[in-house]
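> Sharing a structure with you now.
Nothing in this text is a laboratory measurement; each read-out follows from the coordinates by a stated rule. It should be emphasised that the depicted structure is a prediction, and the values quoted were computed from it without experimental measurement. Backbone-built Cβ (ideal geometry, glycine too); neighbour counts: all protein chains shown.
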Amino acid sequence: MKRNFFLVLVIVVGLLAAALLTHWNEQHSRDLKVQFADEQLYLNGPAMKRLTLAFNGVAADWYWIRSLQYVGRKMVAYEDTHTGNLDLNSLSYLDLRVLPSLLRMTTTLDPQFFEPYYYGALILPTLNPDEAISLLNQGIAANPREWRLYQHLGYIYWQRGDYNKASDVYAAGAKIPGVPPWMMAMSARMKAEGGASQSAREMYTHLAESSEDPTVRQMVKTQLMRLDSLAEREKIRRGLLDYTHSRGHCVTAWREISAPLFAAGLRIDASGAPLDPTNVPYRLIKNGCDVDLDEQSALPRR
C-alpha cells in the first residue's frame, strides 16, 4: 500500500515538474523568438547567392516565406497587445525593420521572382520609401520588360508628390511592347495634374485592375472611399459656410443643414447627419463650423 502511494506520488510530482518545465521552455522560447526576430541578416544577397550555388531558387523561396512569416508574426503580436483593427494602409507601427533585407535577399537569389517586388511596393513605402524605390529599380534592372514594376515605381513617386519623376517612370514603362495604353496616358496626366483627385482615382483603379492580390484590392477600395470622403467633406464645408453667412453663426445640429446636404448628393441618417462611405456619420467640429471623420470610421485620416 505504501509502495503504491509512493509510486503515485512520484508520478504526480513528475507530471507537475514536466508541466512547469514545459511552461518555462515555452516562455523562454518565445522570448528568444522576439529577441532574434529583428536581427539583421548576417550575409548579404551576393554572398548568399554564391553559397547556395544551384539552389538559389530554393533559397529564394525560403527567404520569401520567412518574409511573410515575419510580417505575419508582427501583425499577430500587435493584435494581441492592441485594441482595434490593423490599418493595412500603413504598417509603420509594426517596426518591420528587417523586411527590406529579407525582400532584397529573396530578389537577389531569384531576380525573376516578381511577387517580392510587388509585395515590397505595397508595404515598404510606409516604412522606408527609399528602400521601396531601390527594390523596384533592382527589379527593373533585372526585368526591363516587366511593365508592372514601372507601374508600382511610378505609384510610389506619385505618393511622394514627385509627379515629374512619376511621369518619367510611366513613360519609360509605356515603351514596353504590349503594355496597356493607359501607361502613357498616366504619364501625361502626371505632368498635367499631379496630385489631382481624378489622377489619384485613376491611379488606384489601374492598380486594382492589374493586381490579383486581395490585399492590394482592399487597399485600393479603402483609398477610393477616402477620396469619396474628401469630396463629401468639401461639399459639407460649403454647406456649413453658406449657413454661417446667412445666419451669422455656425450650425448647432446637423438637422439645420440636412436638406441642402441631401440635395448635394450626400446620404443622411435619421438624425440628419451626413454619412461617410463606411456608413458612419460625420462629426461637427470647431463649434459646428467644420466637419471631420468620426473616431469610429474605418477610413484613413491621411
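> Can you work out the FRET efficiency for the pair T83 and E209, with r the C-beta to C-beta distance and R0 = 25 Å, to the nearest 0.05?
0.10
> Can you give the FRET efficiency for R255 and Q218, using 1/(1 + (r/R0)^6), R0 = 41 Å, r = Cβ-Cβ distance, to the nearest 0.05?
The calculated FRET efficiency here is 0.75.
> Now a separate question. Say each of V58 and R201 gets a label point 7 Å from the Cα, pointing the same way as Cα to Cβ; how far apart are those two points in nm?
Result: 5.2 nm between the two label points.
> Restricting to Cα pairs below 8 Å that are 6+ residues apart, what does the relative contact order work out to for segment 85-169? Please round to a whole percent.
23
> In whole Hz and in residue order, list the ³J(HN,Hα) couplings for segment 98-115 that follow from phi through the Karplus curve 6.51 cos²θ - 1.76 cosθ + 1.60, θ = phi - 60°; x for Gly and Pro.
8, 4, x, 5, 5, 5, 5, 4, 4, 6, 6, 5, 9, x, 9, 8, 7, 4
> A follow-up question, please. Could you give each residue of segment 217-230 its phi-based ³J(HN,Hα) in whole Hz, using Karplus coefficients 6.51, -1.76, 1.60 with θ = phi - 60°, and x for Gly or Pro?
Whole-Hz 3J(HN,Hα) from phi for segment 217-230: 4, 5, 4, 5, 4, 5, 5, 5, 5, 4, 5, 4, 5, 4.
> Next question, about the same structure. Quickly work out the A188-to-L227 label distance, labels modelled 7 Å from Cα along the C-beta direction, and quote it in nm with one decimal.
That separation, rounded to one decimal, is 1.9 nm.
> Grab the beta carbon distance between S92 and S246, set R0 = 35 Å, and tell me the FRET efficiency rounded to 0.05.
0.20
> Taking all pairs of different Cα atoms in segment 74-219, averaging 1/r and flipping that mean, what Kirkwood radius in angstroms comes out?
15.9
> I've got another one for you. Can you list the residues, at least 5 places off or on another chain, whose amide H is less than 5 Å from the amide H of V280, using H built in the peptide plane?
The answer is none.
> Quick one: what are the phi-derived ³J(HN,Hα) couplings along segment 235-251, Karplus 6.51/-1.76/1.60 with θ = phi - 60°, whole Hz, x for glycine and proline?
4, 5, 4, 5, x, 5, 5, 4, 5, 5, 5, 7, 9, x, 7, 7, 5
> Under a plain spin-label model, where a point goes 7 Å from the Cα along Cα-to-Cβ, how far apart in nm are N279 and L51?
5.3
> What residues have an amide H closer than 5 Å to that of D290, excluding those fewer than 5 places away on the same chain, when H is modeled at 1.01 Å from N in the peptide plane?
It is I285, by chain and number.
> Right, something else. Grab the other residues whose beta carbon is less than 13 angstrom from that of E209, score K and R as +1, D and E as -1, and report the net.
Neighbourhood net charge equals +1.
> Further question on the same structure: Taking K and R as +1 and D and E as -1, what net charge do the other residues with C-beta under 12 Å from the C-beta of D228 add up to?
+3
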